Amino acid sequence: MPPPVVYTPVRPVVVVPVHRPVGYSHIYFPPPYYHYHYYPIAVAPAYWTNHPCHQSNCKARYNQCLAMYGNDGCVCYPGFLQCVQNNCYNDYSPAVQQCQSDLVNANRCVLTCAPQAYPDPAVAPVQYSLYSTMWIQGLNATGFADHAYDFTTTLASYLGGGNSTSNSTSNGSAIVAPDAVANVTLSTVADVIVNGTNLLQIEVFVKRPSYEALNSSATKLNYLAANATMDLQTQLVAAGVLFEPNQLSVQTSQTSVDTLTADGELAEDDVLAPSENAAGAVRPSAHWILVACGLVARELFG
């Protein structure tokens, strides 16, 4: 789900140069192995065998969804739950429990354990979203305000959000098409402390035009999370956002595919009956991503 509050930076009137803080020393954080190593999410074959009503009524449509979205079970789980709710109501709890057991493994996607229609662009508009948590050393939220616009435009260009022109800003960074910049928003810019180190934590929300573009952008961020490339960091140095590439690290890269209403709003989840609420069917929000990041950080760094 998109965050409730988003922030799209505006172009600064005066470019403020970035400086290395006095006494700054880079602290190495190991790549977040859990996040950039893919764990497939799918209903296990044994599950279908144990629940014949689910298999006879819902498996075929579920498999169609998997085929449409590259076997991405996160996309298809809500539709599967809706099918079970409508056709196998008395056997609904096991489906929710199966989904919840996969929540801890959903490291590359936003898994929603609440019934909802399958996202199908032939039926209703679909929004393709990318969420990422990034850390920056040597910069705080106050100082970042002077560089938020260049950070956003550089990230939009890196993810392929639009065609850059041949023009450039006063600090030499490329000018990116306005629609591409508008598709990159910042939901959180906050100073945090991880393992005794002061960090700037940025929560990024990116809209992509297609499922293929979404996966392409997510793959780029996963390479960054694995320290397999420093291309974005190098571009941010050139844009005057960073003073050295290793300041920035990507902690998470998660995708979400959501059905939209005719007005372009996110379709609401189906209302759950009390018995289903007791089974624990919940829909993770953008806050869930932030909490998950905090839990992983605590696990990795103490």
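The values are calculated or read from the model by the stated rules, or taken from the named source; none is laboratory data. Note that the structure is predicted; figures quoted are calculated from it, not measured. When we count neighbours, we look across all protein chains shown, and the Cβ atoms used for this are built from the backbone with ideal geometry, even at glycine.
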Next on the checklist: Residue under question is Gln97, and the condition is that it be farther than 30 Å from Asn227 by Cα, part of a helix (DSSP H, G or I) and touching a residue at least 60 places away in the same chain (Cβ under 8 Å); does it hold?
Outcome noted: yes
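Please pick out the residue among Thr185, Thr229, Thr234 that is assigned to a loop (DSSP other than H, G, I, E, B) and of a type outside the set (Gly, Ala, Ser).
Values: Thr185 fails: assigned to a loop (DSSP other than H, G, I, E, B); Thr234 fails: assigned to a loop (DSSP other than H, G, I, E, B).
After ruling out the rest, the residue left standing is Thr229.
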Flagged in the range 188-216 as touching a helix residue (DSSP H, G or I) at 6+ places or on another chain (Cβ under 7 Å), of a type outside the set (A, V, I, L, M, F, W, C) and assigned to a strand (DSSP E or B), in numbering order, are Thr188, Asp191, Glu203, Arg208
Contact list, first residue from the range 115-126 and over 9 Å from Pro78 (Cα atoms), second anywhere and among the small types (Gly, Ala, Ser) and surrounded by fewer than 14 Cβ atoms within 10 Å (Cβ to Cβ), beta-carbon distance below 8 Å, six or more apart or interchain, is Ala124/Ala262; Pro125/Ala262; Pro125/Gly264
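Please tell me if Thr219 is surrounded by fewer than 22 Cβ atoms within 10 Å (Cβ to Cβ) and not in a helix (DSSP H, G or I).
Values: surrounded by fewer than 22 Cβ atoms within 10 Å (Cβ to Cβ): yes; not in a helix (DSSP H, G or I): no.
No, not satisfied.
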Out of (1) closer than 17 Å to Phe151 by Cα; (2) in contact with a helix residue (DSSP H, G or I) (Cβ under 8 Å, 6 or more places away or on another chain); (3) touching a residue at least 12 places away in the same chain (Cβ under 8 Å), the one Gln254 does not meet is (1)
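So if I check each of Ala106, Ala114, which one is in a loop (DSSP other than H, G, I, E, B), touching a Pro at 6+ places or on another chain (Cβ under 7 Å), surrounded by 19 or more Cβ atoms within 10 Å (Cβ to Cβ) and assigned by the TED database to the domain that holds Tyr62?
Details: Ala106 fails: touching a Pro at 6+ places or on another chain (Cβ under 7 Å).
Step by step, each of Ala106, Ala114 is checked, and only Ala114 is in a loop (DSSP other than H, G, I, E, B), touching a Pro at 6+ places or on another chain (Cβ under 7 Å), surrounded by 19 or more Cβ atoms within 10 Å (Cβ to Cβ) and assigned by the TED database to the domain that holds Tyr62.
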